[in-house]
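Asks: Below you'll find the structure I mean.
The values are calculated or read from the model by the stated rules, or taken from the named source; none is laboratory data. This structure is a prediction, so every number in the text was calculated from the model and none was measured. In this analysis, Cβ positions are derived from the backbone assuming ideal geometry, glycine residues included, and neighbour counts consider all displayed protein chains. Keep in mind that these areas ignore ligands, DNA and RNA; they rest on the heavy atoms of the full protein, side chains included. Shrake-Rupley method; radii C 1.70, N 1.55, O 1.52, S 1.80 Å.
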Amino acid sequence: QVQLVESGGGLVQAGGSLRLSCAASGSIFRFRSLGWYRRTPGKQRESVAAITSGGSTNYAGSVKGRFTISRDNAKNTVYLQMNSLTPEDTAAYYCTAVLDYRTYWGQGTQVTVFS
């Protein structure tokens with residue numbers, strides 16, 4: 001059983017920063033990749049960032065240069081550092097982990113950016 005618990009969401013003014021954390025149950029070495037998605041009511045779910053077991057990263061064009069995904073293997077945690085936030089970044093953010101070609105999801109954390 002894989003459990004992912006996100007934290008770090010909240011309310012922030014445009015231009016500000018937040019860091020999301022996702023703590024996984026057990027070692028994150030076993031995951032093929034870890035990532036972050038976001039969903040806004042009325043919009044399609046969007047992949048924001050991902051990091052493979054080898055450390056390669058990938059970002060959505062809308063966040064490239066502003067968001068950074070990283071992992072701490074010792075803490076079994078993946079992070080999403082979000083800088084220069086805009087109201088368009090307002091969404092529920094979900095942590096994901098891929099294991100044996102199955103994707104597991106966290107419960108989500110809300111990020112609200114006001115101008």
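Asks: Can you tell me which residues in the stretch 18-37 are over 12 Å from the mean Cα position of the chain (by Cα) and open to solvent by 70 Å² or more (accessible area, probe 1.4 Å)?
Replies: F29, R30, R32
Table: residues versus (1) modelled with pLDDT under 95; (2) over 17 Å from G106 (Cβ atoms).
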| position | (1), (2) |
| --- | --- |
| Q3 | no, no |
| G9 | no, no |
| V12 | no, yes |
| R19 | no, no |
| G35 | no, no |
| Q44 | yes, yes |
| S47 | no, no |
| G61 | no, yes |
| Y79 | no, no |
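Asks: Step by step: first the residues of the stretch 38-76, then only those that are of a type in the set (V, I, T) and farther than 18 Å from T103 by Cβ, then the one that is most open to solvent (accessible area, probe 1.4 Å). Which residue is that?
Replies: The selected residue is T68.
Asks: Of all residues in the stretch 99-115 being buried (at least 17 other Cβ atoms within 10 Å of the Cβ) and of a type in the set (A, V, I, L, M, F, W, C), which is nearest to R71 (Cα to Cα)?
Replies: Per the criteria, the residue is V111.
Asks: Give the stretch 77-89 a look and list any residue that's open to solvent by 40 Å² or more (accessible area, probe 1.4 Å) and within 14 Å of the chain's Cα centre (by Cα), or say none.
Replies: Listed by number, the residues that qualify are Q81, N83.
Asks: Shifting gears a bit: Just need a number here: residues in the stretch 93-115 that are of a type in the set (V, I, T), over 11 Å from G9 (Cβ atoms) and within 11 Å of the chain's Cα centre (by Cα).
Replies: Qualifying residue count, the stretch 93-115: 1.
Asks: Next question, about the same structure. Could you pull out every one of the strands (runs of 3 or more DSSP E) wholly within the stretch 55-112 that has 3 or more residues that are not β-branched (V, I, T)?
Replies: In the stretch 55-112, 67-72, 77-82, 91-99, 102-105 are the strands (runs of 3 or more DSSP E) which contain 3 or more residues that are not β-branched (V, I, T).
Asks: Out of all the residues in the stretch 19-47, which are under 19 Å from Q1 (Cα atoms) and either in contact (Cβ under 8 Å) with a residue 60 or more places away in the chain or in a strand (DSSP E or B) (or both)?
Replies: Residues satisfying the conditions are C22, A23, A24, I28, R30, F31, R32, S33, L34, G35.
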